[in-house]
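This report refers to the structure that appears directly beneath it.
The values are calculated or read from the model by the stated rules, or taken from the named source; none is laboratory data. This is a predicted model, so every value here is computed, not measured. Please note: Cβ atoms are built from the backbone with ideal geometry, for glycine as well, and neighbour counts cover all protein chains shown. Quick note on the areas: whole protein, heavy atoms, side chains included, nothing else; ligands and nucleic acids left out. Shrake-Rupley method; radii C 1.70, N 1.55, O 1.52, S 1.80 Å.
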Amino acid sequence: MNPLSRLELEPRPLARAALATLALGGLVALGNGGGRWLDPALLGYLIASLFACFGVAYRYFTWLERPATAMYWRWTLRTFLSVRGLRALPRVGLKLLDQLFLQRFIGKRSIKRWGAHACLAWGCLLAFSVTFPLVFGWVRFTSDGANADRYQAWLFGMPAGSFPLGSATAFIAFHILDLAALMVIAGCVLAFLRRSTDEGDAATQRFDLDILPLLLLIAVSATGLLLTASETWLQGRNFGTLAFLHELTVILLLLFLPFGKLFHIVQRPAQAGVSLYKAEGDAQGLLPCRTCATPFIRPNHRRDLERLWLELGLDGARHPGGIHHLDLCPRCRRRLVMGAQSLRLHGAFDPFAEVPLPVEPLADPISFRS
Amino acid sequence: MVSEEYGFFIDPQRCIGCRSCVAACAECGTHRGHSMIHLDELDRSASTQTGPTVCMHCEDPVCAMSCPADAIKRTEDGVVHASQKPRCVACGNCEMSCPFGVPLVLPGLEQMLKCDLCYDRSSVGLKPMCATVCPSQALLFAPRHEVAAMRGSRPLREFQVGELLVRTRNAVMVPDPETPLHLDAALLLDGGF
Ligand code: SF4
Ligand code: SF4
(Lines give C-alpha, C1' and ligand atoms only; values in the text may rest on other atoms or scores of the structure.)
(Ligands and ions follow the chains in the order given, each with its own letter.)
Protein backbone atom coordinates (compact mmCIF):
# COMPACT_ATOMS: atom_id res chain seq x y z
CA MET A 1 0.00 0.00 0.00
CA ASN A 2 1.19 3.48 -0.83
CA PRO A 3 2.34 5.07 2.47
CA LEU A 4 0.95 8.44 1.35
CA SER A 5 -2.53 7.03 0.99
CA ARG A 6 -2.26 5.35 4.40
CA LEU A 7 -1.49 8.76 5.91
CA GLU A 8 -4.18 10.21 3.64
CA LEU A 9 -1.69 12.72 2.29
CA GLU A 10 -2.26 14.18 -1.15
CA PRO A 11 0.85 13.85 -3.36
CA ARG A 12 0.48 17.12 -5.28
CA PRO A 13 0.07 19.43 -2.28
CA LEU A 14 2.82 17.43 -0.57
CA ALA A 15 5.26 18.13 -3.40
CA ARG A 16 4.26 21.80 -3.50
CA ALA A 17 4.63 22.15 0.27
CA ALA A 18 8.09 20.56 0.07
CA LEU A 19 9.03 23.05 -2.65
CA ALA A 20 7.70 25.96 -0.60
CA THR A 21 9.74 24.83 2.42
CA LEU A 22 12.84 24.45 0.29
CA ALA A 23 12.25 27.92 -1.12
CA LEU A 24 11.92 29.38 2.37
CA GLY A 25 15.07 27.50 3.43
CA GLY A 26 16.87 28.99 0.42
CA LEU A 27 15.70 32.50 1.24
CA VAL A 28 16.71 32.09 4.87
CA ALA A 29 20.20 30.95 3.83
CA LEU A 30 20.47 33.75 1.29
CA GLY A 31 19.53 36.38 3.87
CA ASN A 32 21.83 35.15 6.62
CA GLY A 33 24.99 34.70 4.58
CA GLY A 34 24.68 30.93 4.39
CA GLY A 35 24.20 30.63 8.15
CA ARG A 36 27.02 33.00 9.13
CA TRP A 37 24.67 35.48 10.82
CA LEU A 38 22.40 32.91 12.34
CA ASP A 39 21.99 33.10 16.12
CA PRO A 40 22.63 29.53 17.37
CA ALA A 41 20.36 30.18 20.37
CA LEU A 42 17.47 30.51 17.95
CA LEU A 43 18.12 27.30 16.01
CA GLY A 44 15.17 25.46 17.60
CA TYR A 45 12.85 28.25 16.50
CA LEU A 46 14.24 28.07 12.97
CA ILE A 47 13.63 24.34 12.65
CA ALA A 48 10.10 24.70 14.03
CA SER A 49 9.47 27.56 11.59
CA LEU A 50 10.47 25.36 8.65
CA PHE A 51 8.19 22.57 9.88
CA ALA A 52 5.37 25.08 10.33
CA CYS A 53 6.00 26.39 6.81
CA PHE A 54 5.67 22.86 5.47
CA GLY A 55 2.46 22.19 7.41
CA VAL A 56 0.84 25.50 6.53
CA ALA A 57 1.84 25.16 2.87
CA TYR A 58 0.52 21.59 2.73
CA ARG A 59 -2.83 22.60 4.17
CA TYR A 60 -2.97 25.67 1.95
CA PHE A 61 -2.31 23.70 -1.24
CA THR A 62 -4.81 21.01 -0.20
CA TRP A 63 -7.34 23.74 0.40
CA LEU A 64 -6.70 25.24 -3.06
CA GLU A 65 -7.54 21.86 -4.61
CA ARG A 66 -11.12 21.83 -3.30
CA PRO A 67 -13.31 22.49 -6.35
CA ALA A 68 -14.96 25.57 -4.82
CA THR A 69 -11.62 27.07 -3.77
CA ALA A 70 -10.02 26.24 -7.11
CA MET A 71 -12.82 28.20 -8.80
CA TYR A 72 -11.67 31.41 -7.15
CA TRP A 73 -7.97 30.54 -7.22
CA ARG A 74 -7.96 30.03 -10.99
CA TRP A 75 -9.77 33.32 -11.51
CA THR A 76 -7.41 35.19 -9.16
CA LEU A 77 -4.31 33.81 -10.88
CA ARG A 78 -5.65 34.66 -14.33
CA THR A 79 -6.66 38.14 -13.24
CA PHE A 80 -3.44 39.05 -11.50
CA LEU A 81 -1.41 37.93 -14.48
CA SER A 82 -3.36 40.27 -16.75
CA VAL A 83 -3.15 44.02 -17.37
CA ARG A 84 -6.57 44.37 -15.76
CA GLY A 85 -5.23 42.73 -12.60
CA LEU A 86 -2.22 45.03 -12.49
CA ARG A 87 -4.49 48.03 -12.83
CA ALA A 88 -6.58 46.77 -9.94
CA LEU A 89 -3.56 46.43 -7.65
CA PRO A 90 -4.03 49.76 -5.82
CA ARG A 91 -7.66 48.83 -5.14
CA VAL A 92 -6.62 45.40 -3.88
CA GLY A 93 -3.97 47.04 -1.70
CA LEU A 94 -6.59 49.25 -0.08
CA LYS A 95 -8.91 46.27 0.44
CA LEU A 96 -6.12 44.29 2.05
CA LEU A 97 -5.26 47.22 4.31
CA ASP A 98 -8.88 47.43 5.41
CA GLN A 99 -9.57 43.72 5.77
CA LEU A 100 -6.23 42.48 7.12
CA PHE A 101 -5.13 45.44 9.16
CA LEU A 102 -8.06 47.66 10.15
CA GLN A 103 -10.50 44.70 10.09
CA ARG A 104 -13.49 47.03 10.05
CA PHE A 105 -15.77 44.17 8.98
CA ILE A 106 -15.23 42.54 12.39
CA GLY A 107 -16.30 45.81 14.03
CA LYS A 108 -19.59 45.54 12.18
CA ARG A 109 -20.13 42.07 13.66
CA SER A 110 -19.52 43.38 17.18
CA ILE A 111 -17.32 46.05 18.63
CA LYS A 112 -16.23 43.76 21.50
CA ARG A 113 -15.17 41.13 19.01
CA TRP A 114 -13.24 43.77 17.05
CA GLY A 115 -11.43 44.99 20.18
CA ALA A 116 -10.33 41.51 21.18
CA HIS A 117 -9.39 40.58 17.65
CA ALA A 118 -7.49 43.82 17.00
CA CYS A 119 -5.30 43.29 20.09
CA LEU A 120 -4.68 39.67 19.11
CA ALA A 121 -4.09 40.31 15.43
CA TRP A 122 -1.87 43.36 15.81
CA GLY A 123 0.03 41.77 18.67
CA CYS A 124 0.64 38.60 16.66
CA LEU A 125 1.55 40.45 13.45
CA LEU A 126 3.97 42.65 15.36
CA ALA A 127 5.54 39.64 17.08
CA PHE A 128 5.82 37.66 13.84
CA SER A 129 7.36 40.60 11.97
CA VAL A 130 10.06 40.93 14.65
CA THR A 131 10.64 37.27 15.50
CA PHE A 132 10.92 35.71 12.06
CA PRO A 133 13.64 38.07 10.73
CA LEU A 134 15.60 37.52 13.97
CA VAL A 135 15.17 33.73 13.83
CA PHE A 136 16.12 33.62 10.16
CA GLY A 137 19.25 35.67 10.87
CA TRP A 138 18.08 38.43 8.54
CA VAL A 139 18.19 40.98 11.34
CA ARG A 140 20.66 40.94 14.22
CA PHE A 141 22.20 43.25 16.77
CA THR A 142 25.84 43.41 17.86
CA SER A 143 27.86 45.87 19.93
CA ASP A 144 29.22 48.62 17.79
CA GLY A 145 32.88 47.57 17.39
CA ALA A 146 35.10 49.14 20.04
CA ASN A 147 32.25 51.28 21.34
CA ALA A 148 30.55 49.04 23.91
CA ASP A 149 27.92 51.72 24.65
CA ARG A 150 26.43 51.48 21.22
CA TYR A 151 24.46 48.78 19.47
CA GLN A 152 24.73 48.07 15.78
CA ALA A 153 21.71 46.75 13.83
CA TRP A 154 22.30 44.58 10.77
CA LEU A 155 19.84 43.82 7.98
CA PHE A 156 20.79 40.98 5.63
CA GLY A 157 24.38 41.38 6.77
CA MET A 158 24.45 45.10 5.98
CA PRO A 159 24.73 47.78 8.66
CA ALA A 160 21.31 49.31 9.30
CA GLY A 161 22.10 52.02 11.84
CA SER A 162 23.43 52.08 15.36
CA PHE A 163 22.03 53.48 18.58
CA PRO A 164 23.35 54.11 22.08
CA LEU A 165 22.39 51.81 24.94
CA GLY A 166 19.78 53.45 27.11
CA SER A 167 18.32 55.45 24.22
CA ALA A 168 14.63 55.38 23.32
CA THR A 169 15.50 53.42 20.15
CA ALA A 170 17.28 50.77 22.24
CA PHE A 171 14.32 50.57 24.62
CA ILE A 172 11.89 50.08 21.72
CA ALA A 173 14.16 47.57 19.96
CA PHE A 174 14.55 45.43 23.06
CA HIS A 175 10.99 45.70 24.36
CA ILE A 176 8.89 45.61 21.22
CA LEU A 177 8.16 41.92 21.79
CA ASP A 178 6.99 42.75 25.32
CA LEU A 179 4.53 45.22 23.85
CA ALA A 180 3.32 42.54 21.42
CA ALA A 181 2.95 40.07 24.31
CA LEU A 182 0.90 42.56 26.33
CA MET A 183 -1.38 43.17 23.34
CA VAL A 184 -1.84 39.44 22.81
CA ILE A 185 -2.62 38.79 26.47
CA ALA A 186 -5.10 41.69 26.51
CA GLY A 187 -6.73 40.28 23.36
CA CYS A 188 -6.96 36.80 24.89
CA VAL A 189 -8.50 38.13 28.11
CA LEU A 190 -11.05 40.15 26.12
CA ALA A 191 -11.80 37.10 23.96
CA PHE A 192 -12.33 34.91 27.04
CA LEU A 193 -14.56 37.55 28.63
CA ARG A 194 -16.65 37.79 25.47
CA ARG A 195 -16.84 34.02 25.13
CA SER A 196 -17.99 33.63 28.72
CA THR A 197 -21.01 35.88 28.15
CA ASP A 198 -21.93 35.11 24.53
CA GLU A 199 -24.55 32.35 24.46
CA GLY A 200 -23.96 31.70 20.77
CA ASP A 201 -20.23 31.19 21.20
CA ALA A 202 -20.76 29.12 24.33
CA ALA A 203 -22.96 26.73 22.35
CA THR A 204 -20.75 26.36 19.31
CA GLN A 205 -17.16 26.72 20.61
CA ARG A 206 -14.82 23.74 20.77
CA PHE A 207 -11.81 23.37 23.04
CA ASP A 208 -9.38 22.37 20.30
CA LEU A 209 -10.58 24.98 17.80
CA ASP A 210 -11.42 28.00 19.93
CA ILE A 211 -9.89 27.71 23.38
CA LEU A 212 -6.57 25.94 22.79
CA PRO A 213 -5.18 28.62 20.44
CA LEU A 214 -5.94 31.31 23.02
CA LEU A 215 -4.24 29.27 25.77
CA LEU A 216 -1.19 28.73 23.57
CA LEU A 217 -0.96 32.44 22.77
CA ILE A 218 -1.17 33.29 26.48
CA ALA A 219 1.53 30.71 27.28
CA VAL A 220 3.88 32.14 24.65
CA SER A 221 3.27 35.75 25.69
CA ALA A 222 3.49 35.09 29.43
CA THR A 223 6.77 33.16 29.21
CA GLY A 224 8.15 35.90 26.95
CA LEU A 225 7.23 38.58 29.49
CA LEU A 226 8.69 36.50 32.32
CA LEU A 227 12.00 36.43 30.45
CA THR A 228 12.04 40.23 30.50
CA ALA A 229 11.00 40.27 34.16
CA SER A 230 13.78 37.85 35.09
CA GLU A 231 16.36 39.91 33.24
CA THR A 232 15.17 43.32 34.45
CA TRP A 233 14.18 42.74 38.05
CA LEU A 234 15.46 39.34 39.17
CA GLN A 235 19.08 39.50 38.02
CA GLY A 236 18.40 36.79 35.47
CA ARG A 237 17.08 34.26 38.00
CA ASN A 238 15.59 31.17 36.32
CA PHE A 239 16.37 32.71 32.93
CA GLY A 240 17.49 29.37 31.47
CA THR A 241 14.33 27.54 32.54
CA LEU A 242 12.12 30.37 31.33
CA ALA A 243 13.96 30.54 28.01
CA PHE A 244 13.39 26.79 27.59
CA LEU A 245 9.68 27.12 28.44
CA HIS A 246 9.30 30.05 26.05
CA GLU A 247 11.00 28.14 23.26
CA LEU A 248 8.81 25.12 23.94
CA THR A 249 5.57 27.12 23.83
CA VAL A 250 6.60 29.00 20.68
CA ILE A 251 7.52 25.73 18.95
CA LEU A 252 4.15 24.24 19.96
CA LEU A 253 2.38 27.31 18.61
CA LEU A 254 4.31 27.16 15.33
CA LEU A 255 3.56 23.47 14.90
CA PHE A 256 -0.11 24.14 15.71
CA LEU A 257 -0.40 26.82 12.98
CA PRO A 258 -1.46 24.47 10.15
CA PHE A 259 -4.09 22.64 12.18
CA GLY A 260 -6.15 25.05 14.17
CA LYS A 261 -7.94 28.30 13.99
CA LEU A 262 -4.75 30.28 13.40
CA PHE A 263 -4.68 28.93 9.85
CA HIS A 264 -7.20 31.65 8.97
CA ILE A 265 -4.30 34.12 9.08
CA VAL A 266 -3.07 32.73 5.75
CA GLN A 267 -6.58 32.08 4.43
CA ARG A 268 -7.95 35.56 4.99
CA PRO A 269 -6.15 37.40 2.13
CA ALA A 270 -8.38 35.40 -0.24
CA GLN A 271 -11.08 37.89 0.70
CA ALA A 272 -9.39 40.58 -1.39
CA GLY A 273 -9.60 38.34 -4.49
CA VAL A 274 -13.25 37.67 -3.75
CA SER A 275 -14.00 41.40 -3.47
CA LEU A 276 -12.38 41.99 -6.85
CA TYR A 277 -14.34 39.10 -8.36
CA LYS A 278 -17.56 40.60 -7.04
CA ALA A 279 -16.65 44.02 -8.41
CA GLU A 280 -16.05 42.48 -11.84
CA GLY A 281 -19.49 40.85 -11.71
CA ASP A 282 -21.22 44.01 -10.52
CA ALA A 283 -19.74 45.92 -13.45
CA GLN A 284 -21.39 43.42 -15.80
CA GLY A 285 -24.84 43.92 -14.25
CA LEU A 286 -26.91 41.29 -12.46
CA LEU A 287 -28.72 38.53 -14.36
CA PRO A 288 -32.47 38.19 -13.75
CA CYS A 289 -34.28 35.27 -12.13
CA ARG A 290 -35.87 33.04 -14.77
CA THR A 291 -39.18 32.97 -12.94
CA CYS A 292 -39.69 36.39 -11.34
CA ALA A 293 -37.27 38.44 -13.48
CA THR A 294 -35.64 40.07 -10.44
CA PRO A 295 -31.92 40.70 -11.09
CA PHE A 296 -29.99 38.68 -8.51
CA ILE A 297 -26.79 36.97 -9.66
CA ARG A 298 -23.52 38.29 -11.10
CA PRO A 299 -22.82 36.88 -14.58
CA ASN A 300 -19.32 35.66 -13.70
CA HIS A 301 -20.68 33.99 -10.57
CA ARG A 302 -23.48 32.31 -12.52
CA ARG A 303 -21.01 30.98 -15.11
CA ASP A 304 -18.48 29.70 -12.58
CA LEU A 305 -21.07 28.17 -10.26
CA GLU A 306 -22.49 26.13 -13.12
CA ARG A 307 -18.99 24.75 -13.75
CA LEU A 308 -18.56 24.12 -10.04
CA TRP A 309 -21.88 22.27 -9.82
CA LEU A 310 -20.78 20.14 -12.74
CA GLU A 311 -17.58 19.23 -10.88
CA LEU A 312 -19.54 18.53 -7.70
CA GLY A 313 -21.96 16.23 -9.52
CA LEU A 314 -24.92 18.58 -9.00
CA ASP A 315 -25.49 19.37 -12.63
CA GLY A 316 -28.72 17.37 -12.73
CA ALA A 317 -30.46 20.19 -10.84
CA ARG A 318 -32.31 21.37 -13.92
CA HIS A 319 -36.00 21.99 -14.18
CA PRO A 320 -38.10 20.67 -17.02
CA GLY A 321 -37.66 23.18 -19.81
CA GLY A 322 -33.92 23.36 -19.16
CA ILE A 323 -33.94 26.01 -16.43
CA HIS A 324 -30.94 25.52 -14.20
CA HIS A 325 -31.69 25.74 -10.47
CA LEU A 326 -28.98 28.42 -10.34
CA ASP A 327 -31.23 30.57 -12.55
CA LEU A 328 -33.86 30.83 -9.83
CA CYS A 329 -33.38 33.58 -7.26
CA PRO A 330 -33.27 32.49 -3.60
CA ARG A 331 -36.77 33.89 -3.05
CA CYS A 332 -38.22 31.82 -5.87
CA ARG A 333 -36.46 28.73 -4.54
CA ARG A 334 -38.20 29.33 -1.23
CA ARG A 335 -41.55 29.94 -2.91
CA LEU A 336 -41.12 26.65 -4.74
CA VAL A 337 -41.24 24.70 -1.46
CA MET A 338 -44.45 26.46 -0.48
CA GLY A 339 -45.91 25.95 -3.94
CA ALA A 340 -44.95 22.28 -4.07
CA GLN A 341 -46.52 21.65 -0.69
CA SER A 342 -49.62 23.48 -1.79
CA LEU A 343 -49.78 21.28 -4.87
CA ARG A 344 -49.52 18.16 -2.73
CA LEU A 345 -52.50 19.45 -0.79
CA HIS A 346 -54.23 19.88 -4.18
CA GLY A 347 -53.80 23.61 -4.04
CA ALA A 348 -56.35 23.86 -1.30
CA PHE A 349 -55.89 24.71 2.29
CA ASP A 350 -59.10 24.03 4.12
CA PRO A 351 -58.93 25.62 7.54
CA PHE A 352 -62.08 23.75 8.55
CA ALA A 353 -60.81 20.32 7.56
CA GLU A 354 -60.89 17.88 10.42
CA VAL A 355 -57.51 17.40 11.93
CA PRO A 356 -57.32 14.44 14.27
CA LEU A 357 -56.62 15.78 17.70
CA PRO A 358 -54.51 13.85 20.17
CA VAL A 359 -56.57 11.86 22.60
CA GLU A 360 -54.50 12.92 25.59
CA PRO A 361 -53.17 16.45 25.93
CA LEU A 362 -49.51 16.35 24.92
CA ALA A 363 -46.88 17.09 27.48
CA ASP A 364 -44.60 19.81 26.20
CA PRO A 365 -41.20 19.02 27.64
CA ILE A 366 -39.57 22.08 26.12
CA SER A 367 -41.02 25.21 27.48
CA PHE A 368 -40.07 28.77 26.70
CA ARG A 369 -37.54 30.22 29.07
CA SER A 370 -37.10 33.92 28.86
CA MET B 1 -25.86 18.13 20.59
CA VAL B 2 -29.47 18.33 19.45
CA SER B 3 -31.32 15.17 20.35
CA GLU B 4 -32.00 12.91 17.38
CA GLU B 5 -35.44 12.38 18.85
CA TYR B 6 -36.44 15.98 18.06
CA GLY B 7 -37.35 17.08 14.58
CA PHE B 8 -38.28 20.39 13.00
CA PHE B 9 -41.54 20.31 11.05
CA ILE B 10 -42.47 23.05 8.61
CA ASP B 11 -46.02 23.43 7.40
CA PRO B 12 -46.28 26.51 5.16
CA GLN B 13 -50.02 25.95 4.79
CA ARG B 14 -50.47 26.79 8.45
CA CYS B 15 -48.55 30.08 8.18
CA ILE B 16 -50.71 33.16 8.84
CA GLY B 17 -47.94 35.64 7.94
CA CYS B 18 -47.79 37.19 11.42
CA ARG B 19 -43.98 37.51 11.27
CA SER B 20 -43.56 36.52 14.93
CA CYS B 21 -40.86 34.07 13.81
CA VAL B 22 -39.02 36.87 12.00
CA ALA B 23 -38.93 38.97 15.16
CA ALA B 24 -38.04 36.05 17.43
CA CYS B 25 -35.23 34.83 15.17
CA ALA B 26 -33.25 38.02 15.78
CA GLU B 27 -33.13 37.12 19.49
CA CYS B 28 -31.15 33.94 18.87
CA GLY B 29 -27.80 34.01 20.69
CA THR B 30 -25.81 32.78 17.71
CA HIS B 31 -26.78 35.71 15.46
CA ARG B 32 -28.36 38.22 17.82
CA GLY B 33 -29.83 41.22 16.08
CA HIS B 34 -30.06 39.57 12.68
CA SER B 35 -33.19 37.71 11.67
CA MET B 36 -32.33 34.74 9.51
CA ILE B 37 -35.82 33.50 8.81
CA HIS B 38 -37.43 34.29 5.47
CA LEU B 39 -41.13 34.99 5.30
CA ASP B 40 -42.31 35.03 1.70
CA GLU B 41 -45.58 35.43 -0.10
CA LEU B 42 -46.31 32.70 -2.60
CA ASP B 43 -47.97 34.91 -5.19
CA ARG B 44 -49.43 38.07 -3.80
CA SER B 45 -51.81 38.71 -6.66
CA ALA B 46 -53.36 35.27 -6.54
CA SER B 47 -53.13 33.94 -3.01
CA THR B 48 -52.91 34.89 0.63
CA GLN B 49 -50.40 32.09 1.19
CA THR B 50 -47.25 33.03 3.07
CA GLY B 51 -44.52 30.69 4.20
CA PRO B 52 -41.51 30.71 6.52
CA THR B 53 -38.17 29.30 5.38
CA VAL B 54 -35.53 28.10 7.79
CA CYS B 55 -32.46 26.06 6.90
CA MET B 56 -33.47 22.52 6.03
CA HIS B 57 -30.18 21.11 7.43
CA CYS B 58 -29.36 18.95 4.45
CA GLU B 59 -27.57 15.61 4.79
CA ASP B 60 -25.13 16.60 2.02
CA PRO B 61 -25.33 20.37 2.24
CA VAL B 62 -24.77 22.01 -1.14
CA CYS B 63 -23.88 25.21 0.70
CA ALA B 64 -20.92 23.48 2.37
CA MET B 65 -19.84 21.75 -0.85
CA SER B 66 -19.82 25.09 -2.65
CA CYS B 67 -17.97 26.97 0.07
CA PRO B 68 -14.41 27.83 -1.00
CA ALA B 69 -13.36 28.63 2.56
CA ASP B 70 -14.56 25.33 4.04
CA ALA B 71 -16.44 27.50 6.50
CA ILE B 72 -19.70 25.56 6.76
CA LYS B 73 -19.74 22.52 9.03
CA ARG B 74 -22.37 19.93 9.77
CA THR B 75 -22.23 18.47 13.27
CA GLU B 76 -23.02 14.83 14.06
CA ASP B 77 -26.54 15.75 15.13
CA GLY B 78 -27.27 16.78 11.53
CA VAL B 79 -27.24 20.53 12.17
CA VAL B 80 -25.55 22.58 9.46
CA HIS B 81 -24.05 25.62 11.14
CA ALA B 82 -23.68 29.19 9.93
CA SER B 83 -20.27 30.02 8.48
CA GLN B 84 -17.30 29.96 10.81
CA LYS B 85 -16.46 33.60 11.39
CA PRO B 86 -12.68 33.42 10.90
CA ARG B 87 -13.02 31.54 7.63
CA CYS B 88 -15.94 32.97 5.67
CA VAL B 89 -14.79 35.30 2.89
CA ALA B 90 -18.33 36.42 2.01
CA CYS B 91 -18.15 35.12 -1.54
CA GLY B 92 -21.85 34.26 -1.70
CA ASN B 93 -21.38 30.78 -3.19
CA CYS B 94 -23.58 29.29 -0.47
CA GLU B 95 -26.23 31.98 -0.93
CA MET B 96 -26.49 31.24 -4.63
CA SER B 97 -26.12 27.46 -4.32
CA CYS B 98 -28.51 26.50 -1.53
CA PRO B 99 -31.40 24.65 -3.20
CA PHE B 100 -33.83 26.23 -0.74
CA GLY B 101 -32.63 29.86 -0.85
CA VAL B 102 -31.61 29.99 2.80
CA PRO B 103 -28.18 31.61 3.53
CA LEU B 104 -27.66 35.34 3.61
CA VAL B 105 -24.38 37.14 3.16
CA LEU B 106 -24.93 40.33 5.09
CA PRO B 107 -23.39 43.41 3.50
CA GLY B 108 -20.64 44.93 5.60
CA LEU B 109 -20.33 41.96 7.96
CA GLU B 110 -18.44 39.98 5.30
CA GLN B 111 -20.00 36.84 6.65
CA MET B 112 -22.71 34.37 5.76
CA LEU B 113 -25.36 33.88 8.40
CA LYS B 114 -28.16 31.39 8.37
CA CYS B 115 -30.48 29.44 10.61
CA ASP B 116 -28.54 27.05 12.83
CA LEU B 117 -31.59 25.70 14.61
CA CYS B 118 -30.84 28.21 17.42
CA TYR B 119 -28.00 25.94 18.47
CA ASP B 120 -27.55 27.75 21.79
CA ARG B 121 -31.12 26.68 22.63
CA SER B 122 -31.71 23.42 20.77
CA SER B 123 -28.43 21.92 21.99
CA VAL B 124 -29.62 22.29 25.59
CA GLY B 125 -33.14 20.97 24.97
CA LEU B 126 -34.98 24.22 24.26
CA LYS B 127 -37.05 24.96 21.18
CA PRO B 128 -35.60 27.25 18.50
CA MET B 129 -36.93 30.79 18.89
CA CYS B 130 -39.21 30.67 15.84
CA ALA B 131 -40.88 27.42 16.88
CA THR B 132 -41.36 28.86 20.36
CA VAL B 133 -43.40 31.81 19.14
CA CYS B 134 -45.18 30.49 16.03
CA PRO B 135 -48.88 30.72 16.96
CA SER B 136 -50.10 28.39 14.20
CA GLN B 137 -47.32 25.81 14.60
CA ALA B 138 -46.34 26.23 10.98
CA LEU B 139 -42.93 25.90 12.58
CA LEU B 140 -42.87 23.03 15.03
CA PHE B 141 -39.97 21.55 16.96
CA ALA B 142 -41.11 18.41 18.69
CA PRO B 143 -40.33 14.76 19.37
CA ARG B 144 -40.80 12.91 16.10
CA HIS B 145 -43.24 10.38 17.50
CA GLU B 146 -45.62 13.07 18.76
CA VAL B 147 -46.01 14.70 15.37
CA ALA B 148 -47.90 11.77 13.92
CA ALA B 149 -50.48 12.14 16.67
CA MET B 150 -50.74 15.91 16.23
CA ARG B 151 -51.22 16.19 12.49
CA GLY B 152 -53.14 14.74 9.63
CA SER B 153 -50.15 15.26 7.34
CA ARG B 154 -46.79 13.50 7.58
CA PRO B 155 -43.19 14.73 7.57
CA LEU B 156 -41.28 14.55 4.29
CA ARG B 157 -37.51 14.94 4.19
CA GLU B 158 -36.69 14.37 0.53
CA PHE B 159 -36.76 17.00 -2.17
CA GLN B 160 -36.26 16.60 -5.86
CA VAL B 161 -34.82 19.30 -8.13
CA GLY B 162 -34.58 17.76 -11.59
CA GLU B 163 -32.33 14.76 -11.07
CA LEU B 164 -30.91 16.08 -7.82
CA LEU B 165 -32.30 14.48 -4.68
CA VAL B 166 -31.77 16.45 -1.48
CA ARG B 167 -32.25 14.76 1.90
CA THR B 168 -32.71 16.93 4.94
CA ARG B 169 -32.98 16.85 8.73
CA ASN B 170 -35.93 19.24 8.80
CA ALA B 171 -39.23 18.14 7.29
CA VAL B 172 -42.07 19.69 5.34
CA MET B 173 -45.54 18.35 6.19
CA VAL B 174 -47.44 16.72 3.32
CA PRO B 175 -50.32 14.25 3.16
CA ASP B 176 -48.31 11.72 1.12
CA PRO B 177 -44.65 11.56 2.21
CA GLU B 178 -43.85 8.45 0.14
CA THR B 179 -42.46 10.42 -2.82
CA PRO B 180 -40.04 13.36 -2.66
CA LEU B 181 -41.40 16.88 -2.93
CA HIS B 182 -40.76 17.97 -6.53
CA LEU B 183 -39.50 21.53 -6.70
CA ASP B 184 -40.38 22.31 -10.28
CA ALA B 185 -39.92 25.85 -11.60
CA ALA B 186 -42.92 25.33 -13.86
CA LEU B 187 -45.05 25.78 -10.73
CA LEU B 188 -43.97 29.39 -10.52
CA LEU B 189 -43.97 30.05 -14.25
CA ASP B 190 -47.57 28.96 -14.67
CA GLY B 191 -48.61 31.25 -11.84
CA GLY B 192 -51.02 28.50 -11.05
CA PHE B 193 -51.74 29.11 -7.42
S1 SF4 C 1 -30.93 24.21 3.31
FE2 SF4 C 1 -29.35 25.38 2.23
S3 SF4 C 1 -28.25 26.40 3.86
FE4 SF4 C 1 -29.39 24.75 4.82
S5 SF4 C 1 -27.98 23.02 4.84
FE6 SF4 C 1 -29.18 22.84 2.98
S7 SF4 C 1 -27.92 23.85 1.44
FE8 SF4 C 1 -27.14 24.52 3.42
S1 SF4 D 1 -20.07 33.25 1.82
FE2 SF4 D 1 -18.75 32.37 3.38
S3 SF4 D 1 -19.79 30.52 4.04
FE4 SF4 D 1 -20.72 31.14 2.09
S5 SF4 D 1 -19.60 30.02 0.54
FE6 SF4 D 1 -18.58 31.98 0.72
S7 SF4 D 1 -16.97 31.66 2.24
FE8 SF4 D 1 -18.37 29.92 2.41
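Per-structure values
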| quantity | calculated |
| --- | --- |
| In degrees, nearest ten, helix A:270-284 long axis to first principal axis of chain A (Cα) | 40 degrees |
| Per-selection metrics, the stretch A:1-150 (Cα): Rg and Dmax in Å | 20.2, 64 |
| Drop in accessible area of at least 40 Å² in the complex versus isolated chain, residues of the stretch B:22-44, 1.4 Å probe | B:Asp40, B:Leu42 |
| Of all accessible heavy-atom area on the stretch A:1-79, the percent that carbon and sulfur account for (1.4 Å) | 70 percent |
| Neighbourhood net charge (12 Å Cβ-Cβ; Lys/Arg +1, Asp/Glu -1) for B:Met173 | +3 |
| More than 17 Å apart - percent of Cα-Cα pairs taken over the stretch A:220-289 | 65 percent |
| Interchain or long-range residues, amide H under 5 Å from A:Ser143's placed H | A:Gln152 |
| Area buried, chain B against chain A - accessible surface, total, 1.4 angstrom probe, square angstrom | 6600 Å² |
| Cut-off under 5 Å, modelled amide H: who pairs with A:Ala160 long-range | A:Ala153, A:Trp154, A:Leu155 |
| Residues of chain B: accessible area per residue with a 1.4 Å probe, Å² | 35 Å² |
| Whole-percent carbon and sulfur share, accessible surface of the stretch A:110-205, 1.4 Å | 72 percent |
| At q = 0.14, 0.16 Å⁻¹, base-10 log of I(q)/I(0) for chain B (Debye sum, equal scatterers on each alpha carbon) | -0.81, -1.08 |
| For B:65-75, mean number of other protein chain Cβ atoms within 10 Å | 5 |
| Accessible area per residue, Å², the stretch A:110-205 with all protein chains present, probe 1.4 Å | 53 Å² |
| Sulfur and carbon atoms: percent of accessible area, the stretch B:110-187 [1.4 Å] | 52 percent |
| 0 to 90° range, to nearest 10: angle between helix A:111-136 axis and chain A longest Cα axis | 40 degrees |
| Summed residue charge, Cβ within 12 Å of B:Val89's Cβ, Lys/Arg positive, Asp/Glu negative | +3 |
| Computed P(r) (all Cα pairs; the protein assembly as shown; 10 Å bins; percent) | 3, 15, 23, 22, 16, 10, 6, 3, 1, 0, 0 |
| Number of partner chain Cβ atoms within 10 Å, mean per residue of A:196-204 | 6 |
| Reduction of at least 50 Å² in accessible surface, 1.4 Å probe, comparing all protein chains with the chain by itself, residues of the stretch B:112-128 | B:Leu126, B:Lys127 |
| Helix A:239-256 axis, angle to chain A major axis (alpha carbon atoms, nearest 10°) | 30 degrees |
| Those residues of the stretch B:146-175 for which accessible area with every protein chain present is at least 40 Å² below the isolated value (1.4 Å probe) | B:Glu146, B:Ala149, B:Met150, B:Val161, B:Leu164, B:Pro175 |
| Computed lengthening from A:Glu10 to A:His346, 0.36 nm per intervening residue step minus Cα-Cα distance | 115.7 nm |
| Loop sites in the stretch A:194-278: trypsin sites (Lys or Arg not before Pro), DSSP, at most 14 other Cβ within 10 Å | A:Arg206, A:Arg237 |
